[in-house]
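Data first, discussion second: the structure below is written as structure tokens.
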Amino acid sequence: MRIGERSAPHWLGAGVLGLLSCVASAGLTRSAAAQSPSLVEWEAPEACPGAASVYERLTTALGHEPQTLGTLSRVRGVVVPHGPGYQLSLEVFESGRRSSRWMEAASCEDLVDAAVLAITLALAPESSVTPGKGDAAGSSPVGAAPGASAAHEGDAGPALPERPAEPARGTASLAAVLEFGALPDPAIGLSVSAGARWSVLSVAAYGMLFESQRLEARPGVDVDFELSVAGVRGCGRALSQPLALDACAGMELGRWEAFGASLQEARRSRDLWLAPMLELEASRVLIGPLALQLSAGAALPLVRKRYIINESEALHTPDPISWRLLAGLALATE
């Protein structure tokens, strides 16, 4: 020690260290307390509310901060993208029994509200539930927030009220078509459709118009071919992630047209197109209700007329299968 310096008493240094230790301990305790209320296991994409938001809304709905799950042993929610929106899988366990619910909504916010309401009803008696967002009289059925649809399965467990059947959503699409087999050469066309979709099923009416094609039989002898069809189809969803995949079947009715000065029997021939169809369709949400749609399909014409010139010279006969590739955009209403 140099002359002129004072040394603090040893008890002062010990006191300062003790105070700092208490402050640090208190900070760690508060941090742990801030993290402890994660009573619900919650997994969701980054764009969706997290476990802290679920706990905060659960506290608001109950009117107090829940410290335990009561008679429940476990609550787990998993949110994943689904079609144009999101899907929530909510599992509740009580005394070894499991109750599961699947909910769909256009936004994560609606799914969080529906999950909080279902958990609140499972934790507290019905009379003690504090009305929260989406729980006002006449706003929506009990157990689901506005905009959320739900399905339930599992053993008898905590009461998770059912929601009425999911309403249909309107759909529309516009696509470019590439066709092989019906016309003399591969043909480009336009397809439009409109229909309705539920969670795993959909129905739609559609129409296709293909470009006219000119076939030159010999110099100076030309015949033009045109094809237009309309049909209905039903689809079942086989896969939701990472792409939505639908298998479809339907029936279409249309008109063949061929015209030319040398065409046998008449200069213009109009014939029936009748064909069952099968299709495999994949789609992926781009933004909001807008999705990219790709599909491959086949139509089997039941009537295939031979087009003849000069009484015996066969000009064209459609193939047994009309193959199609489609690419376009689909729009689903809320």
Under 9 Å, Cβ to Cβ, from residue 223 - net charge with Lys/Arg +1 and Asp/Glu -1: -2
Unit charges on C-beta of K, R, D, E only; dipole of the stretch 180-334, Debye: 320 debye
Projected label distance in nm at residue 329 and residue 53, using a 7 Å step from Cα toward the beta-carbon: 2.7 nm
Å² of accessible area per residue within the stretch 182-334, as computed with a 1.4 Å probe and no ligands counted: 53 Å²
Zone of residue 238's modelled label, taken as backbone nitrogen in the stretch 283-300 under 20 Å from a point 7 Å along Cα→Cβ: 283-285, 292-300
The stretch 168-265 - charge dipole about Cα centre, Lys and Arg +1 at Cβ, Asp and Glu -1, debye rounded to 20: 680 debye
Segment residue 203-residue 312, length gained on full extension (0.36 nm per residue, minus Cα span): 34.8 nm
Distance between modelled label sites at residue 178 and residue 272, nm, 7 Å Cα→Cβ extension: 3.3 nm
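The values are calculated or read from the model by the stated rules, or taken from the named source; none is laboratory data. Because the structure is a prediction, the values reported are computed rather than measured. Ideal geometry is used to build each Cβ from the backbone, glycine not excepted, and the neighbour counts take in all protein chains shown. Side chains included, ligands, DNA and RNA excluded: accessible areas come from the protein's heavy atoms. Shrake-Rupley method; radii C 1.70, N 1.55, O 1.52, S 1.80 Å.
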